[in-house]
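The values are calculated or read from the model by the stated rules, or taken from the named source; none is laboratory data. Please read all numbers here as calculations on a predicted model, not as lab measurements. Please note: Cβ atoms are built from the backbone with ideal geometry, for glycine as well, and neighbour counts cover all protein chains shown.
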């Protein structure tokens with residue numbers, strides 16, 4: 001009787017992830033496959049070359065990641081990533097640019113960078129530059145920008161000093177932040193049950209539209225150009241490890257090495273028998289379980305910042321991010337490569353991050369590889385929607401214009417796909 005009640009309670013608790021496993025995710029997979037099959041090459045040409053970037057990424061140099069650079073390279077290649085902007089945590093309160101990979105490795109460019117304790121992200125200084133992570137934020141930002149590097153605000157769900165005008169960019173979406181607002185009792189069963197068969201859909205369950213960050217970004221762009229980018233915040237530290245230690249203990253810990261059990265405490269005969277039945281002979285140092293719910297490749301594919309540059313040099317790619325010549329795409333839903341958005345008036349054209357003067361004949365133009373719903377946003381306010389592969393829309397007045405694209409995916413409805421940086425339309429007085 002008691003066992004039946006317990007099983008019923010467990011079934012009720014797991015009803016959502018089990019429903020996803022058997023019903024919703026198979027249907028969603030079918031709908032996404034059908035949608036992706038509609039992709040066609042974009043014909044509109046903006047004159048730039050597009051590079052898929054991962055911005056905000058950690059390696060084994062960070063205290064909460066254990067992924068070596070060769071593994072990051074393999075994950076980036078598997079995710080079709082062209083450039084990785086590293087953001088390791090400070091080591092002994094120092095950001096030492098000599099420690100990280102830099103330059104082109106195989107087909108992937110690595111750009112050195114660090115995440116400071118005050119939320120400042122810094123990139124692109126030459127080795128052997130070393131910065132004090134405890135220095136005032138404004139001082140560090142000015143120093144990095146003066147040296148030809150790049151700065152951005154990370155984790156913008158936290159207060160940041162936006163009056164520091166030397167900072168060029170800000171996160172408008174962060175995977176780690178999105179995960180933290182989930183109730184662990186809801187999301188953990190989803191990941192544990194569905195990551196085996198439906199890994200991409202399971203991790204997508206963390207997504208919540210970043211309303212506050214988008215509104216903050218729009219506010220910043222009213223008075224300055226603030227480039228918006230997506231933070232992959234890749235760690236590969238959401239997982240479990242079970243090891244049998246040389247002291248005869250069982251060490252259960254997270255992939256960031258945070259312990260659940262004391263590895264020095266020997267296990268009893270019953271637990272030893274159970275482990276042997278499950279995993280076979282116990283030898284000291286043997287890893288019995290290795291489970292990653294956020295493998296690096298999946299984090300790198302979840303969302304990307306697509307940069308428009310003339311070449312894949314570090315200078316050109318950092319200039320694209322600094323200048324807001326970029327857009328964000330949730331490529332786990334569908335590949336957005338080729339997306340184009342600009343303002344055009346006869347021979348005059350301005351793409352994302354650029355300026356153009358308003359005239360009565362100015363139009364916003366764009367094209368996507370899939371049919372989508374375009375939302376046109378002027379100075380933070382949605383003013384029009386168009387459902388099409390293409391956009392050709394008259395600009396009514398000066399202002400900052402950006403677009404968001406959503407995909408219609410079966411019963412799921414409209415799902416956020418692309419956030420594009422704004423084109424700045426200036427009045428004649430400028």
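Within the stretch 212-267, take every residue that is touching a helix residue (DSSP H, G or I) at 6+ places or on another chain (Cβ under 8 Å) and part of a loop (DSSP other than H, G, I, E, B) and give me the one that is modelled with the lowest pLDDT. In this case the residue turns out to be 238. Taken together, 150, 61, 99 contain a single residue that is crowded, with 17+ Cβ neighbours inside 10 Å, over 22 Å from residue 303 (Cα atoms), modelled with pLDDT of 95 or more and touching a strand residue (DSSP E or B) at 6+ places or on another chain (Cβ under 6 Å), which is 61.
Restricted to the stretch 348-399, the set of strands (runs of 3 or more DSSP E) holding at least 3 residues that are in contact (Cβ under 8 Å) with a residue 60 or more places away in the chain and under 30 Å from residue 38 (Cβ atoms) comprises 348-351, 363-378.
Scan 374, 358, 393, 414 and give me the residue that is crowded, with 23+ Cβ neighbours inside 10 Å and either within 27 Å of residue 151 (Cα to Cα) or not assigned by TED's automatic domain parsing to the domain that holds residue 141 (or both).
Values: 358 fails: crowded, with 23+ Cβ neighbours inside 10 Å; 393 fails: crowded, with 23+ Cβ neighbours inside 10 Å; 414 fails: crowded, with 23+ Cβ neighbours inside 10 Å.
Result of the check over 374, 358, 393, 414: 374.
Starting from residues that are part of a strand (DSSP E or B) and touching a residue at least 60 places away in the same chain (Cβ under 8 Å), keep the ones in the stretch 409-422 and report whichever is farthest from residue 308 (Cα to Cα). Result: 409. Of the residues making up the stretch 103-123, those that are touching a residue at least 60 places away in the same chain (Cβ under 8 Å) and on the phi < 0 side of the Ramachandran plot are 104, 109, 111, 121, 123.
All told, residue 381 meets the bar of being under 27 Å from the mean Cα position of the chain (by Cα) and surrounded by fewer than 15 Cβ atoms within 10 Å (Cβ to Cβ).
When residue 184 is tested against the conditions (1) farther than 17 Å from residue 299 by Cα; (2) modelled with pLDDT of 95 or more; (3) surrounded by fewer than 17 Cβ atoms within 10 Å (Cβ to Cβ), the lone failure is (2).
Does residue 344 meet the test of being part of a strand (DSSP E or B), closer than 17 Å to residue 308 by Cβ and assigned by TED's automatic domain parsing to the domain that holds residue 416? Yes, satisfied. For residues that are surrounded by fewer than 22 Cβ atoms within 10 Å (Cβ to Cβ) and either under 16 Å from residue 166 (Cβ atoms) or outside the structural domain of residue 73 (by TED's automatic domain parsing) (or both), scanning just the stretch 102-123, find the one that is nearest to the chain's Cα centre (by Cα). So, considering only residues that are surrounded by fewer than 22 Cβ atoms within 10 Å (Cβ to Cβ) and either under 16 Å from residue 166 (Cβ atoms) or outside the structural domain of residue 73 (by TED's automatic domain parsing) (or both), the one nearest to the chain's Cα centre (by Cα) is 119.
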